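Please treat every number below as a calculation from the coordinates, not as lab data. It should be emphasised that the depicted structure is a prediction, and the values quoted were computed from it without experimental measurement. Neighbour counts are summed over all protein chains in view; Cβ atoms, including those assigned to glycine, are modelled from backbone coordinates with ideal geometry.
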Amino acid sequence: MARTLADHQRTGRRRLAPVAVLALLPLAACSAIGADDDAEPGRSPDAGASPGGTVVLVTHDSFALSDETIAAFEEETGLTLETRAPGDGGALVNQLILTKDAPLGDVVYGIDSTFASRAVAEGVLEPYESPAEPADAAQYAVDDDHHLTAVDVGDVCINVDHEWFAEQGLAEPTTLEQLADPAYRDLLVVTNPATSSPGLAFLLATVARFGEDGWADYWTALRANGVKVVSGWSDAYYVDFSGPSSEGDRPLALSYASSPPYEVAEGAETAPTGALLDTCFRQVEYAGVLAGAANPEGAQQVVDWLLSPEVQADIPESMYVYPVDGGVELPESWAAFAPRPDEPLTLEPDMISENRDAWIARWTDVVLG
């Protein structure tokens, strides 16, 4: 049976149980797998129980690889992989900074290109050049010291519920400009750039499209047109979106170009949802060894593993983003239902680093008041 996006949600994106609220940002929840309040930071209570000990992977709450892939890593290395997830991508970086003197783990996965320069500048990472790095990853290098290594690539885009628009007899929007048209009032849900990495990516898309002098006016227009803002991707997609995986009433939601294949029923020739490719912003996710890691050798093994052919092949159907290794064969459904934008919106990393906080503050004033 074809795996639906709802199946993925049940087995992946919501497999991490919420346990705490972050202090720095108003996030929905934090989570930890196998963590113990009395454990030494970065080390589980039973560290050393397996021949290779325990390696702690700190990641975002959307991390999901198949159990078989993880089991194969543990068997091959003798390591026990423990996963801790303190929230979305933005929360992940904030927590790494807050805890850098007593790191949460050994290795990190899920720092994306909108926060990568900040993580490097704050000194939470140790340089490591992986021998497993595919040639395709070099173009996404953050610096020359290999503090971070690209693992996957995604395009953050507005997703559209084709069936809703067909039933309403309303033409679908195709551009960012059209989202502010009164014809689409109260139809769009996005995520807060202060608490969500896709939300920040979408904010950056509007900066790239409308420029530093025009993006705030665009958001003023979106606010007047009834845009709804929620804290994280899961709320936007699974609560407010009207697509098959949700019971919401908004047919336009911020997600990824690769989300639509997971909405396709087995045997169907068309997808009930799609991505508005003119709205996409290119997002890269990275892995790196944490400074002060209790198990730096194990951390390096995890980075190598994330770049291995086995994990790269598992990424599309486990986390529905593109592997950084362009030689990996993609699921057949992606060719039909997940076309990539020819010219995704982008910004230079230095520009993001210099302006991120000011843009988020300005966005907060304009949209949230």
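How large is the dipole of region 67-123 about the Cα centre if only Lys and Arg carry +1 and Asp and Glu carry -1, each at its Cβ, rounded to the nearest 20 debye? Intermediate results must be reported in sequence, preceding the final value.
Details: 3 positive and 11 negative charges, 93 e Å.
It works out to roughly 440 debye.
Fewest to most neighbouring Cβ within 10 Å: what's the order for THR99, THR83, THR364?
THR364, THR99, THR83
Among VAL366, SER66, VAL239, whose Cα lies farthest out toward the positive end of the dipole of the chain, if unit charges sit on the beta carbon of Lys, Arg (+1) and Asp, Glu (-1)?
After comparing all options, I get VAL366.
Using Cα-Cα distances under 8 Å and only pairs 6 or more residues apart, what relative contact order does region 75-180 have, in percent? If you can, show how the numbers build up before the last one.
Values: 61 pairs, mean separation 17.1, N = 106.
Answer for region 75-180 is 16 percent.
Quick check on the chain: helices-only [θ] at 222 nm, where DSSP H runs of length 4 and up contribute -39,500 (n - 2.57) each and the sum goes over total residues. Nearest 500, please.
Computed mean residue ellipticity for the chain: -8000 deg cm²/dmol.
Name the residue, out of PHE241, PHE73, PHE115, whose mean-square fluctuation peaks in a Gaussian network model built on the chain with Cα pairs under 10 Å.
Between PHE241, PHE73, PHE115, it is PHE73 that shows the largest mean-square fluctuation.
Run the dipole for the chain about the Cα centre, Lys and Arg Cβ at +1, Asp and Glu Cβ at -1, nothing else charged, and hand back the magnitude in debye, nearest 20.
Once rounded to the nearest 20, the dipole reads 1100 debye.
Report the antiparallel proportion of the DSSP beta bridges in the chain as a percent, rounded to a multiple of 5.
65 percent
Among HIS147, CYS157, PRO193, which residue has its Cα positioned farthest towards the positive end of the charge dipole of region 74-215, with +1 placed on the Cβ of Lys and Arg, -1 on the Cβ of Asp and Glu, and the dipole taken about the Cα centre?
So the residue furthest toward the plus end is PRO193.
Taking springs between alpha-carbon atoms closer than 10 angstrom, which of PRO198, PRO260, PRO296 fluctuates most in the Gaussian network model of the chain?
Maximum among the listed residues: PRO296.
Please name which of VAL324, PRO339, ALA257 has its Cα lying farthest along the dipole of region 244-365 towards the positive end, using unit charges on Cβ (Lys, Arg +1; Asp, Glu -1) and the Cα centre as origin.
Farthest along the dipole direction, towards plus: ALA257.
Of all the Cα-Cα pairs you can form in region 43-144, what percent are over 20 Å apart?
46 percent
So how far, in whole Å, is the C-alpha centre of region 187-233 from the one of region 62-102?
29 Å
GLU332 to LEU368: FRET efficiency via 1/(1 + (r/R0)^6), r the Cβ-Cβ distance, R0 51 Å, to the nearest 0.05?
Efficiency at R0 = 51 Å is approximately 0.75.
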